[in-house]
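Below: one structure, written as structure tokens.
We did not get these values from a lab; they are worked out from the coordinates using the rules stated. These numbers come from a predicted model, not from an experiment. Glycine also receives a Cβ, built like all others from the backbone with ideal geometry; neighbour counts cover every protein chain displayed.
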Amino acid sequence: MKRDFIASLLLTPALALSSFHLSAQENTGPIWGIKANLNVELPGDIHSKGVSNDFFRTGTGISAGVVCNLYLGHGFYFEPGVSLFYGQYKIRDLYVLKDDVNSIQVDGPVKKFGVRVPLVFGYTFDFSDSFGMNVFTGPQLSYALAGDIPVPAEVEDDGIDLWRSQRRFDCGWKVGVGFPVGSVTVSVEGDLGISNLHKGDMTFRENRVSLGLTYYF
């Protein structure tokens, strides 16, 4: 009995260290997830020589893709991702030629489809075993694969080439807060436009707020 007691005393620290080592290994491995966002598109004003024009109106969008959560230690993590997005916002007071003489007003959507790559760093607050919170921030790169401004059917030409006035590449800055519940994290996020998307002397940036849902497996 005495030998068993002594052996158990000697084995207990070793088992504890082994358990801690396995837990650390689990925390440092990559965790993959799928993520979807429901977006509210908030296009900014067009600025030219100190004058602002609220040419666009709020719209909606969605995105879906994959993320990879990499634990960095001490509560910090890095989470790159890639997703496909579709978004649209409204345009107003745009006039196009209906024929060689007459013009017509277009009050339709600006539609975009493309790829986004968020590269965010975050920190996890564990308030209890059942409640935690993530805060994260970092750059987000976007590239529009397609875009369009539909025009009325009576317009004789092929419509409006969006890329004559806007750039396809966009760099923004993402900030957000997430609330994990088991394998699912619900997040509220904001994307702040950094790049000037308008070609020429004018400036224009896109912003958005979104509700995100991530499932880790």
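Could you give me the ³J(HN,Hα) list for the range 118-135, computed from phi with Karplus coefficients 6.51, -1.76, 1.60 and θ = phi - 60°, whole Hz, x at Gly and Pro?
Those phi angles translate into x, 10, 10, 10, x, 9, 9, 9, 9, 6, 7, 5, 10, 9, x, 8, 10, 10 Hz.
Between 135, 162, 210, whose Cα lies farthest towards the positive end of the dipole of the range 121-217 when Lys and Arg beta carbons carry +1 and Asp and Glu beta carbons carry -1, centred on the Cα centre?
Most positive-ward Cα: 135.
What full-extension length gain, to one decimal in nm, is calculated for residue 36 and residue 92 as 0.36 nm per residue of separation minus the Cα-Cα distance?
Length difference between fully extended and current span is 17.2 nm.
Pairs to check: 111/199; 49/111; 90/174; 49/112. Give those whose C-alpha atoms are more than 20 Å from each other in this structure.
49/111; 90/174; 49/112
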